[in-house]
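The values are calculated or read from the model by the stated rules, or taken from the named source; none is laboratory data. Values in this document were obtained by computation on a predicted structure and should not be read as measured data. Reconstructed Cβ throughout: ideal geometry from the backbone, glycine too, with neighbour counts over all protein chains shown. Ligands, DNA and RNA are excluded from the accessible area calculation, which covers all protein heavy atoms including side chains. Shrake-Rupley method; radii C 1.70, N 1.55, O 1.52, S 1.80 Å.
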Amino acid sequence: MHPPRRYPWGWHGAWHSSGTDGVIPGACYGAKIRAPHALVMTFLFKSGSLREKLKSIAQATYAHSRNLAYFVFTYKGLLAAQSRLQGKKIPFHSFLAACIGGWLVFGDNNPINSQIIMYLLSRILFGLSRLAVEKGYIPQPKQDPFPLVAALVWGTVLWLFEYHKETLQPSLQSSMTYLYEDSEVWHDLSDFLIYNKRTDSKK
C-alpha cells in the first residue's frame, strides 16, 4: 500500500488537490456513458420534436456528467482529508467517504440517479457473492451457478413485467413493452428500424 500523499498546507489542501484530480475524468466519463444511452432511448421511446429530443439528451448527459464529477470530487477529497487527519489510510475511509458522497450527490430520487444506483447494486451483489466465497463464508459452488442466476433473474423480471409492471424502472418498462407488447403489432419493415408504436396502428 502506498503511503498517503503529504500536503504541507493541511487537510483542506489535501481535499482540494485530491478532489480536483478527479473532476474532469468524472465529468468526461459521465458524458461518454450517458450520451449514447440517452440518444438511443430518446429516439426509440420518446415522442416530441427533434429539438425536444436533443434537449432531453443534453439534459440527461449533463446531469450524469455533473453528478459523477461532484461525486469523484467529494469522495477523493474526503478520502485525502481522513488520511491526512489520521496519518494513514484504512478501509473504512473509503466506505465513509463514498457514503457521504452518495448521500450528497446521488440522494435525489430521479431517473438518472436511479439508473446509476441500480447499475451499481447489481454489481455489488455479484462482488459480495464472490468475496463471500473467497473469504470462505460460503462454500465454493461445485457447478457454475450463473445459469441458475440467469433463470431466476429472467423469470422474476418477466413475472413483474406481466403482473406488476408499475414496480419496474420506467426505462425497463419501455424496453419490455417494445419487446413483448408492441411486437404484437406489425406495420412494415420500419418497425425494425425506428419505432413500431403508432397512433394509426393497424392489426
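How do F73, F126 rank by accessible surface area computed with a 1.4 Å probe, from largest to smallest?
If we order F73, F126 from most to least accessible, we get F126, F73.
So what does F146 come to for accessible area, using a 1.4 Å probe and Å² rounded to 10?
120 Å²
Can you tell me, using C-alpha contacts under 8 Å and at least 6 residues apart, the relative contact order of region 70-116 as a whole percent?
40 percent
For labels at S56 and K88 in the simple 7 Å Cα→Cβ model, what's the distance in nm?
5.3 nm
Leaving ligands, DNA and RNA out of it, work out the accessible area of K135 with a 1.4 Å probe and give it in Å² to the nearest 10.
120 Å²
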